[in-house]
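Asker: Here's a structure for you.
Where a number appears in this text, it was derived from the coordinates with a stated rule and is not lab data. A quick note: this is a predicted structure, and the numbers were derived from the prediction, not measured. Cβ sites come from the backbone with ideal geometry, for glycine too, and all protein chains shown count toward neighbours.
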There are 4 protein chains.
Amino acid sequence: MLKVGLLGAGRIGTVHAGSIAAHPESALVAVSDALPRNAEKLAAEYGAQARTTEAIIADPEIDAVLIATSTDTHADLIEAATAAGKAVLCEKPVDLNLQRARACRAAVVKTGKPVMIGLNRRFDRHFQALKAAADAGEIGKPELLSITSFDPAPPPIGYVTVSGGLFRDMTIHDFDMANFIMGDLPETIIATGSALVDAEIGAAGDVDTAVVTLRYGDGRLAVIRNSRRAAYGYDQRVELLGSEGMLQVGNVLENTLVRATAAGVTGAKPTHFFLERYREAYAAEWAAFVEAVRSEGPMPVGLDEGIAALAMAEAATRSAEAGGRAQNLAEVM
Amino acid sequence: MLKVGLLGAGRIGTVHAGSIAAHPESALVAVSDALPRNAEKLAAEYGAQARTTEAIIADPEIDAVLIATSTDTHADLIEAATAAGKAVLCEKPVDLNLQRARACRAAVVKTGKPVMIGLNRRFDRHFQALKAAADAGEIGKPELLSITSFDPAPPPIGYVTVSGGLFRDMTIHDFDMANFIMGDLPETIIATGSALVDAEIGAAGDVDTAVVTLRYGDGRLAVIRNSRRAAYGYDQRVELLGSEGMLQVGNVLENTLVRATAAGVTGAKPTHFFLERYREAYAAEWAAFVEAVRSEGPMPVGLDEGIAALAMAEAATRSAEAGGRAQNLAEVM
Amino acid sequence: MLKVGLLGAGRIGTVHAGSIAAHPESALVAVSDALPRNAEKLAAEYGAQARTTEAIIADPEIDAVLIATSTDTHADLIEAATAAGKAVLCEKPVDLNLQRARACRAAVVKTGKPVMIGLNRRFDRHFQALKAAADAGEIGKPELLSITSFDPAPPPIGYVTVSGGLFRDMTIHDFDMANFIMGDLPETIIATGSALVDAEIGAAGDVDTAVVTLRYGDGRLAVIRNSRRAAYGYDQRVELLGSEGMLQVGNVLENTLVRATAAGVTGAKPTHFFLERYREAYAAEWAAFVEAVRSEGPMPVGLDEGIAALAMAEAATRSAEAGGRAQNLAEVM
Amino acid sequence: MLKVGLLGAGRIGTVHAGSIAAHPESALVAVSDALPRNAEKLAAEYGAQARTTEAIIADPEIDAVLIATSTDTHADLIEAATAAGKAVLCEKPVDLNLQRARACRAAVVKTGKPVMIGLNRRFDRHFQALKAAADAGEIGKPELLSITSFDPAPPPIGYVTVSGGLFRDMTIHDFDMANFIMGDLPETIIATGSALVDAEIGAAGDVDTAVVTLRYGDGRLAVIRNSRRAAYGYDQRVELLGSEGMLQVGNVLENTLVRATAAGVTGAKPTHFFLERYREAYAAEWAAFVEAVRSEGPMPVGLDEGIAALAMAEAATRSAEAGGRAQNLAEVM
């Protein structure tokens, strides 16, 4: 039984608490949060203890920590927890700063402890079905990948300003999805973005609508479309064209009800929002972590993957700032 | 905390055990099974005790029992458990014999204890969305209901011969769905069936493919289509035509992956099989039971509903045997 | 070049005029109508002559007539035109009265002239694709056919009262579709109907909503659902369950535009109405007629097929009037 | 009645011949072709004369010419025909060379004769429905347009080498679609392409798979995806995200038949190929031309639109050659 300390009792921490408690081989023993009351409430729900982050990391009885705190604390906590001998599952990103993330990786390597980064969409069974079909050669050789990722509505401007920008905050998931499906990193990245949704986002120097093109060493292409706003909800689609066909993962709808009236034939909207759309994926992610710790095997999504996605976000940010100039990923990494 | 004894540790009992254990207000404390080894295994998984059915029913510490044993024991166990002061959730049907079911109801009434029948599809969120839309008047006045219910493959002939026949075993769910959606019982029932899937089913005097037409007192109509075999899997659809539109609930697919190749554009098959398709519905059913017990409110699906569906199955059986002669439901009930 | 006289210049006659004129091997030379002005207008459009029905039938230069007049004139005109040596394509039904239709057939047989009945849906490429797939064994042995046929709105009550009733007027197309797909006539027919859409229809002794079950000699089943009203438009679907799968023909939508907004994801409505939905089928029907005449081959849908569908309508009418009593088709035919 | 001479009796000329002949206000009077036999065959089919291109242009009885010859003759024939006083509908592109196209426009302006360029997709009713919904404000302010355009298979390499390259030959339709829907020209164009489908295409200096990003002056974005090969057929989709929703036009399928078997649930492939997919659009294009000539109104798609699409192709070609460097469209035009 893996004894787990959860750092961060916010929205995403709450989801992870459920996964930890529900897994037959892990137990939630302690919870910390910047607001102790949050930790107490969540701990009580699962019969765990509310403690300080420091106490959790220092406790030799705790085998693993799940880091679901604010982004600016991720790298420090990863380092502290691995130094204390713990296995770590940390929410993305490692850090908004690529150099800091690399330094974190170097520190972790010295401890020899396993770290997984919470790029949870790799564990979604729909995308996994696409990946499996592609790997099985069902569409021949993949040639052109398309990822659509629209949020229902922009976050508060206060969040935007500390988010690192659209590419580091939102597109990072799509970069990792591209890496997952294409099985390789792109050679060049071209990004174009605009602030069309919210003028405040533009005023803050960020964009809310973007197109990113990835070009691989062997000529394959990928394109990512992002928007901070889709009136119909959370839009998450992937499409892969290959030499012998195409694979598409569409949205998971709220339900299968269709209404046919004089106004048209109307189906349900996509599942809203990411905690609901990826609920199963979060549980599968946790199960993969537990299994990797148990078997002492490689982490399914490690620091290397987290840093690669971050470097792509860095390159995209630079490209967009340079009016869409192609960035060589190798120069960024 | 509702202390629950589970009678029956087979396939469906195992599903219920998970629901009982996962619910924050109920605890699985004891499990029995005709094969004690099954009970022991399931009990161990949830930290419950393996006991005899008699001991569970006799234990005053146990508040409620969930009956998931073979059909021929349902009525006896319902009577015993309610006589012992327990709340009961019993899998459908109450009994294959309508008279026995009525006698059971009479016995239960004397105990004053609440009994719920496990007609789980009422708790499926897709069908509930249809019901809610219909009740909200989105399609005006309902006029014609259509229920499609095809199993992937026929059960073993040994099961068929003790099942009470297609209408009591399989269509009973569709009868209850019709009652749920139409909010009334039909006046007449016409059924036609054939043994097309398996000649052995025909030799056993049963049918495996059927069409049942229901006619309501106000002229509304419903039609149920059943087959014991659908090569593409478990097909569960409901469609309701009303004066101002139509509502349709389609199948829940295994995933949203679509493959487009030279062979065509292929989507996933329906979720296979009922334990998977209705997993959420089983949990919702249990939650509704717990809530009804807690609030001492009426059972959401009681013995009356179980007996109504059974009477419709009886009428359909008679109709099919009489070459499709219309049966007056009132005469059967 | 087949010289064609068109009898009847109404809505459906106008559609046929277009097919006749557009076909490279047929020419529209004359048009008649009860209202001469209608004939003149349509004739002018295609460079044909407006004449009387009698003159067209008497003209030895005219090779074929297309009868698109009111139903009560069909049998007389078929007899007159074949007696005059012409090939005939006549709109359905042959007559509302089964005996009159049989007498017409007897008269036609004596002339040796070919007569085709306009059961146009057999020529729809979507249904033909289903038929071809079924005949190719793609779903094994067919077992259960389902036909959905809803009109957008009921016709004027004046039309209803002379229509022969729902089964002869509307379901007749579905009976023929069943015959087309199943390749056999049913043994028994059970029909249930209600007047739910329009009380005037009920007052006129007719129904507007119905379910008809067909049972074949080998146990196969078919079910037809009819309504005179679907708020979302003209609903025309066919579904065939077989031992190895299912075939479905869905509606042909007005266009492929989908709108995703806060209100849901809305697609176009079915193509409205039958002249538009079956436009291609009417042209294909005409082409099949021309080809059969040219090759002196058998008519693809002859008087036998027209009479079979009519007999089924007769049986369904009797069944519905007898509260859903099963009718033996052989007794009616 | 508009008397029309058709220059070019190939595949596309044959389609236009049908539209010209079917339109009630136009008549096909003459056909020419580089291979006189082709012209004779097509002319015979419609009762027209086979003549030389020179004779057709010189004939004062002919009101309009439709130019469906090889691309390298377009500009010369447009100039000659307008100089001879004829209205012209010319297949795209005006010329592969932007300067030549501009010179052609200058020459035409002097004649005062109307010229329409055959960018036929604007007349597709599906895309028109999208345009109408967008213009009606159904999705608020458009922000991100996506156009998917995949051919079933690459053309012969001999065609590729004279085609002007993917962007001038294939993407030109998508550029025009973007102009049609966005109602504006983009400010910058970024293109990336690869030869993944056919190494010979790469050897010829062309690409067969591409992503093109358009950025408008107001920050709106568009992305075009192209491939010369889709194993499942001709893929033509458009998607427009706006501030209040999304509009999508999907593929028009061969038929509505769905097969559900143990292998999955399979629908028909997209309509194959462009002559079939856009058959109605070609007729609508011709009708728009006839109407514009008749009313002496502006051409719905004139030389300006043809040149704009060509300039975008030029910019995209340069961008792809420069490794995805953004091109300012104003500098090219």
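Asker: Roughly speaking, what is the centre-to-centre gap between region C:17-54 and region D:281-319 when only Cα atoms are used, to the nearest Å?
Answerer: 38
Asker: In addition: Which order results if C:Tyr159, A:Tyr232, B:Tyr46 are arranged by neighbouring Cβ count within 10 Å, fewest first?
Answerer: Final ranking by Cβ density, sparse to dense: C:Tyr159, B:Tyr46, A:Tyr232.
Asker: Follow-up question, since we're still on this one. Report the calculated FRET efficiency for B:Lys141 and C:Lys141 (r = Cβ-Cβ distance, R0 = 41 Å), to the nearest 0.05.
Answerer: Working from the Cβ atoms, E equals 0.55.
Asker: Under a 5 Å amide H to amide H cut-off, with H placed in plane at 1.01 Å, what residues pair with D:Leu196 once short-range neighbours are removed?
Answerer: For D:Leu196, whose amide H was placed from the backbone, the distant partners under 5 Å are D:Asp208, D:Thr209.
Asker: Still on this structure, please answer the following. For a quick check: with amide H placed at 1.01 Å from N, whose amide H comes under 5 Å from B:Thr271's, ignoring anything fewer than 5 positions away on the same chain?
Answerer: Residues meeting the criterion, in which the H sits 1.01 Å from N, are B:Val252, B:Leu253, B:Glu254.
Asker: Each residue of region D:156-173 in order: what ³J(HN,Hα) in whole Hz does its phi give by Karplus 6.51 cos²θ - 1.76 cosθ + 1.60, θ = phi - 60°, with x for Gly and Pro?
Answerer: With coefficients 6.51, -1.76 and 1.60, one gets x, 4, x, 6, 4, 5, 9, 7, x, x, 3, 5, 7, 8, 10, 5, 3, 5 Hz.
Asker: Here is a follow-up. Take the alpha carbon gyration tensor of the protein assembly as shown, find the square roots of its eigenvalues, order them as a ≥ b ≥ c, and report rounded if a/c is under 1.5; if not, report prolate when a/b exceeds b/c, else oblate.
Answerer: Taking the square roots of the gyration eigenvalues as a ≥ b ≥ c, the protein assembly as shown is oblate.
Asker: Give the nm distances, rounded to one decimal, from D:Glu244 to the matching residue in every other copy, measuring between label points 7 Å along Cα toward the beta carbon; shortest first.
Answerer: From this label point to the equivalent ones elsewhere in the assembly: 2.2, 4.7, 5.2 nm.
Asker: Shape call for region C:74-233 from the C-alpha gyration tensor, a ≥ b ≥ c root eigenvalues: rounded (a/c under 1.5), prolate (a/b greater than b/c) or oblate?
Answerer: It comes out oblate by the Cα gyration axes.
Asker: Distance in nm between label sites at C:Ala106 and A:Asp304, each 7 Å beyond Cα in the beta-carbon direction?
Answerer: The answer from the label model is 9.0 nm.
Asker: By counting other Cβ atoms within 10 Å of each Cβ, how are A:Val15, A:Val4, B:Val88 ranked from fewest to most?
Answerer: Ordered by Cβ neighbours within 10 Å, fewest first: A:Val15, B:Val88, A:Val4.
Asker: Continuing with the same structure: Determine, from the Cβ-Cβ distance of C:Ala132 and A:Ala132 and an R0 of 30 Å, the FRET efficiency 1/(1 + (r/R0)^6), rounded to the nearest 0.05.
Answerer: So, using R0 = 30 Å, E works out to roughly 0.35.
Asker: Give the distance, in whole Å, between the Cα centre of region A:162-217 and the Cα centre of region C:109-182.
Answerer: One Cα centre to the other: 55 Å.
Asker: Within region C:221-235, list the residues whose amide N lies under 19 Å from a label point set 7 Å along Cα→Cβ of C:Ala153.
Answerer: C:227-235
Asker: Can you list the residues of region B:59-97 with backbone N under 12 Å from a point 7 Å past the Cα of B:Glu25, pointing along Cα to Cβ?
Answerer: none
Asker: While we're here: Check which residues have an amide H placed less than 5 Å from A:Glu244's amide H, if you skip close sequence neighbours.
Answerer: Amide H neighbours of A:Glu244, under 5 Å, 5+ apart: A:Gly140, A:Lys141.
Asker: Using the 7 Å Cα-to-Cβ label point, sort the distances from A:Gly10 to its equivalents in the other copies shortest first and give them in nm to one decimal.
Answerer: Those separations, rounded to one decimal, come out as 5.0, 6.1, 7.1 nm.
Asker: Using a 7 Å offset from Cα along the direction of the beta-carbon, what are the separations from C:Glu291 to the same position in each other copy, nm, ascending?
Answerer: Listed shortest first, these distances are 3.5, 5.6, 6.1 nm.
Asker: Can you give the charge dipole size of region D:2-113 about its Cα centre, rounded to the nearest 20 debye, using +1 on the beta carbon of Lys and Arg and -1 on the beta carbon of Asp and Glu?
Answerer: About 300 debye.
Asker: Select the chain D residue whose beta carbon lies nearest to the rotation axis carrying chain D onto chain B, and write the distance in whole Å.
Answerer: Its Cβ sits closest to the axis: D:Thr266, 2.
Asker: Can you compute the modelled spin-label distance between B:Glu200 and C:Ala58, with each label point 7 Å from Cα toward Cβ, in nm?
Answerer: With each label placed 7 Å out from Cα toward Cβ, I get 7.5 nm.
Asker: Which stretch or stretches of region D:8-28 have amide N atoms under 19 Å from the point lying 7 Å from C:Lys41's Cα along the Cα→Cβ direction?
Answerer: Backbone N within reach: D:24.
Asker: Where the only charges are on Cβ atoms (+1 Lys, Arg; -1 Asp, Glu), what is the dipole of region B:69-191 about its Cα centre, to the nearest 20 debye?
Answerer: Using only the charged Cβ atoms, the result is roughly 440 debye.
Asker: Set the Förster distance to 51 Å, then compute FRET efficiency between D:Phe273 and C:Ala83 from the Cβ-Cβ distance, nearest 0.05.
Answerer: E(calc), rounded to 0.05, equals 0.55.
Asker: OK, next. Over 22 Å between Cα atoms: which of D:Lys86/D:Lys110; C:Lys269/D:Lys92; A:Lys3/A:Lys41; B:Lys3/B:Lys41 fall into that group?
Answerer: Where the Cα-Cα span goes over 22 Å, the pairs concerned are C:Lys269/D:Lys92.
Asker: Still on this model: Enumerate the calculated ³J(HN,Hα) couplings along region D:72-89 in order (Karplus 6.51 cos²θ - 1.76 cosθ + 1.60, θ = phi - 60°), each rounded to whole Hz, writing x wherever the residue is Gly or Pro.
Answerer: Once θ is set to phi - 60°, the couplings for region D:72-89 become 5, 9, 4, 4, 4, 5, 4, 4, 5, 5, 5, 4, 7, x, 9, 6, 10, 10 Hz.
Asker: Shape verdict for region D:2-113, please, from the Cα gyration tensor: rounded (a/c under 1.5), prolate (a/b greater than b/c) or oblate.
Answerer: prolate
Asker: Would you kindly derive the ³J(HN,Hα) couplings of region B:131-147 from the backbone phi angles with the Karplus curve 6.51 cos²θ - 1.76 cosθ + 1.60 (θ = phi - 60°), listing them in order in whole Hz, with x for Gly and Pro?
Answerer: 4, 5, 5, 5, 5, 7, x, 5, 10, x, 8, x, 10, 9, 9, 10, 10
Asker: Between region A:222-248 and region B:56-107, what is the C-alpha centre distance in whole Å?
Answerer: 52
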